[in-house]
Structures are given as structure tokens and as C-alpha cells.
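Please read the structure below before turning to the comments.
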Amino acid sequence: MKLSLSVPVDEEFEAEAARLIDAGLASRLSAKDADLFDGAADAADRMGWVDLPQNAADLLDEIESLRVRLQEQGLRTISLAGMGGSSLAPEVMAQTAGVRLEIIDSTDPNQVAEAIGTDLDHTVLIVASKSGTTVETDSIRRSFAAAFESIGVDPASRMIAITDPGTELEALAADQGFLATFLVDPTVGGRFSALSAFGLVPAGLAGADVRGIVAEAAAADADLSADRPDNPALRFGAWLSIAHARTTEKLVLAETAEQLNGLGAWVEQLVAESLGKDGQGILPVVVDSPADIGFSDARADALLCLLGPAADDSGLGAPSGFEATITGGLGELLLFWEYATAIAGYSIGVNPFDQPDVEAAKAQARHLLDGPDSGSTEQPRFREGDIDVLEVVDEATDLIGALEELFSQVDEYGYVGIQAYLDRIADAEAADLRPLVSTHAGVQTTFGFGPRYLHSTGQYHKGGHPNGVFLQITGEARTDLLVPGRGFGFAQLQRAQAAGDAAVLSEKGRPVLRLHLLDRARGLQQLREAIGSISPRHHFGHD
């Protein structure tokens, strides 16, 4: 792999890199030395990722054997129910390989229903959950099971489990006789699990060359675990830390190579959830193309990072001067980012292996689902066109005023987080809001489909730098789908997850504007027009 760095503070950077080398940080990570993170009990139970490439031989043989069995049975569609680290790693592996892997990481009833109806006669469902109790994953499993039964197919004969030993999912798979079960080393944390069964099984069954990915990672291990100045992970981790110390905490990511398609979303989850805590951290901002870097996201608080080779017109040249280009094979890049993130955590002073603020939103959603008013419809503050405004920051009485109030709450070096609880496929156009909001709010802006982002940037939203404001969007369900054996449907679950996270953000003093689209297409267009009518708060670009 190749790493190119621009650092405007060379002396500080070299001093920090030397400190990390003197501490033996890279080699101690490789040796699973949990004492690196003082008082972090979680670290001792989360270091299993470092030697996954060296221990993958038997797993790779199992994947290849199972793939042959599936092909012989005519099972050609591999669907994956998983969240966060259980879906993002296999998704990038499949995308870079150009093979089809259907990812179901949504509670939107339309998206789940479409996934079930795509090719059910020839479908295998992989149920991936480290805890074995993830509500989204379990709800999707139940719905697929009912669908299989409706066509006269034993659900267990079409299901594969990936989980930790001793979970409810392992017990269920054994009791029902799942097609296969893969147990993962419990010392491998979810977001560091790319090179475990969580990443390799779904991608490998879909047809990706996971053996080649593992080989690339294994070949890179010696360099990434070395206490040397040329260790790219050590240099990048120090680079992140020095930028963070100078309040340059937004990592703007752009993919420039088609063979790395989807890597930005995986990096976003790894970095945000690992480093965004204790009021600190690095917030990844995934942009659509390198051109975006040179305009709405090129600010003094931005680190600019290209995932792939830089072109002459890449748009680099941020005021901060922190720029990076990273190229390499997917396997070595996955291990590189894991090492670099752990190194940055040590350097910043946070434990990269815990997620103290993730459970709060889950608990609030469960409370809303179980409450006496769980099935009732939330009353809006006001309605305008195709949008119900559920919650405003102050006292706005119209949509433009509500947006202006939200944008006025973010300071020059803050950010806007857009949270879209919509269909990630049918409502993909919602992602176009990110650059539009960035321009008119005048700050870096992130975008995430819910509840997917809860397992990614959600930790940073609540535990990272307290300078974010949030635009949350829900939409009227086109259809609904009841979750078998539960007292709720997907539409209700989706709304509870949105409201639960908004409540936790508000409790932490983060401003939240909540909008509900009565008609998704018309509502999104109305929202775009409202945002576009607001005068940009800053001028972007370079002189």
C-alpha cells in the first residue's frame, strides 16, 4: 500500500510519531497488550482482531465448501441481515468484487418487503449478530422465516448464523437446525471484525475472493505491526491525533478508485464509533466525489483523505493543510485502518474498543415500543405541505424558519448530521441533501440512513465533540410489515428508533429538528426547495 501525507506542523507530527514508536505501540497492539489503554477493561476482551489474517485458513476452507453446496442446491441469492460491522465489511468486499450481496440493514418496511420478495425460491439468509439479540436482525429473520414457511420451505434450511459463542442466536440455530453456524472469537469487536466470519462468510458466499483479501492483509501485517517510522498505520494514526489536537477533527473521505467502492462507509463506522467518545474524536464525512472536497467540505477544520489515487484536479488544498492519499489492495487497507484507528485512539487518549453511548438510543427505542402509547401517531407541531414538523429547535412556525433555527445553532467548526429513516434503496435520492445542507448551513455535513447510522456515527453524535446539530427525517410507510411473534411492525419499530435517538440527543443538549414526510418523493422535493431558499452562511472554495 502507499500512504501520502501533508502535515502543516511537521515538528509536532514527527515528535508524536517518535513517541508512539518509543512506546512500542504497534508491536504491543500486535501482541494484544490491553495495558495500552489504562483502566479500559473492554480492551482486554477486544484485541482478537490483530491475528485474524493468520488464523483464517480453516474458515476460508469452510466458506468455499459451503459455497459449493449452495450452488449445487440452486441457492443463488445471498441475503445478509446485519447491522454496522456485521454488514459494512462484507458489503465493501462484495462491491469491490462486483458480486451481488443483498444487504438488509434497515427497519423500513418497504425495503424489508422488497428484499424478501426479490428471489425467495433461491435465497439463503445470513443472520449476523455479535450479541445474538440485535433487534433489527432478529426482526428481519422472523419475517424471512414466515415468508419461507408460506412457500413450503423449512426456514432453517435456508438460514446461516454468524454470532459469538453462547448467544441466543447460536442456541436458536442449533435448536432449529440452521444450514450452518459460524462462531466468531468473542474477543473480536464488531467494528474490527472485517477479517472474521462476519466479513468473510457473506462476501465469500456471494463470490468475492476472500482468500485473496485475507492474503493481502496477512502480507501487510509485518509492516503495520512494526515500531518503525515508515509504518503507514503509525504515521496515519499520529496524523489523526495531531490534527485532532489542533481542533481539526473532521475526516473528509472520498473514494477515487472504483475497486474501493464502499470503503468510505466502512471507514466511517470504524473511525466514528472507535474514536467518538469522552467529548473527543474524529468525525468522518463521506463525500460523493473528490470534487466535493474542494468546495463545501474544504474548511480549516477538515482533514482531507482520498481513498485511492489522486488526480490533478482532485480538488485538494484545504485551508488546514492536512491532506492524505491512501492506495492499496482491499485486504491490506482493512487491516491498515484497524491498526491506524487503534493507534489514534491511544494517541488521543480514548479507548477505541468501547461504545458507551450506543446503548442509550436502543434503550429509549425499547421504552417507546413497550410503552402504553406505542402504537399511537405522534402529533406534529405544525404541518406544511407534505411535511409534518414534529420537533423544532426553538419556536419556528414554518419549515424554512425551522431550518434556519437549526442552522443558526451550529458554530463555524461544528457539523450537521442528517439522519434519514427511509428506504435506503427506493429513497436513495435523500442522500442528495448532504451537499445541499453543507452549502447552506456552512459547515461539514454527514448523512446516514437510519437505523444504519446508529451502528456507525451514532456513537460520535452522542459521545464525540458536542458541536453537532441534527436534521432527522422519517417518512410515511408505503406499506407495513408485521414482525412475527412481536407486538409491533417495522413501521412502528422504525419510528421508535428515530424518536428514541432524538430523545437521547436532546437530553445531551444536541439540537434536533424532526421532520416527517407524508409523501416521501414530494416531501423530499419540498425539503430541498426549503433548504435551497436559505442564504449560504459561509463562502466555500479557494482563492
Scan 426, 363 and give me the residue that is closer than 27 Å to residue 493 by Cβ, small (Gly, Ala, Ser) and part of a helix (DSSP H, G or I). 363
Residues of segment 480-505 being within 21 Å of the chain's Cα centre (by Cα) and of a type in the set (Val, Ile, Thr), in sequence order, are 504
Could you list, in sequence order, the residues of segment 481-516 that are touching a strand residue (DSSP E or B) at 6+ places or on another chain (Cβ under 9 Å), assigned to a helix (DSSP H, G or I) and among the charged types (D, E, K, R)? 495, 501
Which residue pairs have Cβ atoms closer than 6 Å, lie 6 or more positions apart in sequence or on different chains, and pair a first residue in segment 378-400 that is assigned to a helix (DSSP H, G or I) with a second residue that is acidic (Asp, Glu)? 399/384
Scan segment 226-249 for residues that are of a type in the set (Gly, Ala, Ser), surrounded by 22 or more Cβ atoms within 10 Å (Cβ to Cβ) and at pLDDT below 95 and jot them down. 243
Checking residue 508 against (1) surrounded by fewer than 22 Cβ atoms within 10 Å (Cβ to Cβ); (2) under 20 Å from residue 393 (Cβ atoms); (3) more than 23 Å from the chain's Cα centre (by Cα), the condition it does not meet: (3)
Scan segment 140-159 for residues that are in contact with a strand residue (DSSP E or B) (Cβ under 8 Å, 6 or more places away or on another chain) and in contact (Cβ under 8 Å) with a residue 60 or more places away in the chain and report the count. 4
Which of the residues belonging to segment 302-349 are surrounded by 23 or more Cβ atoms within 10 Å (Cβ to Cβ), of a type in the set (Asp, Glu) and modelled with pLDDT under 95? 323
Given (1) in a loop (DSSP other than H, G, I, E, B); (2) at negative phi; (3) assigned by TED's automatic domain parsing to the domain that holds residue 264, identify the lone condition not met by residue 100. (3)
Residue that is nearest to residue 212 (Cα to Cα) [pool: residues in segment 27-70 that are in contact with a Phe, Trp or Tyr (Cβ under 7 Å, 6 or more places away or on another chain) and in a helix (DSSP H, G or I)]: 49
Taking residue 537 and the conditions (1) surrounded by fewer than 22 Cβ atoms within 10 Å (Cβ to Cβ); (2) more than 16 Å from residue 381 (Cβ to Cβ); (3) in contact (Cβ under 8 Å) with a residue 60 or more places away in the chain; (4) in the same structural domain as residue 383 (by TED's automatic domain parsing), which numbered condition does it fall short on, given that it satisfies the others? (4)
Restricting segment 160-179 to residues that are over 16 Å from residue 142 (Cα atoms) and among the polar types (S, T, N, Q), the residue that is surrounded by the most Cβ atoms within 10 Å (Cβ to Cβ): 163
Of the residues that sit in segment 411-423 and are at pLDDT 95 or above and not in a strand (DSSP E or B), which one is farthest from residue 276 (Cα to Cα)? 423
If residue 433 satisfies every condition in (1) in contact with a Gly (Cβ under 7 Å, 6 or more places away or on another chain); (2) farther than 17 Å from residue 494 by Cα but one, which is the exception? (1)
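The values are calculated or read from the model by the stated rules, or taken from the named source; none is laboratory data. Remember, predicted model here, so these are calculated numbers, not experimental data. All Cβ positions, glycine included, derive from the backbone under ideal geometry; neighbour counts span all protein chains shown.
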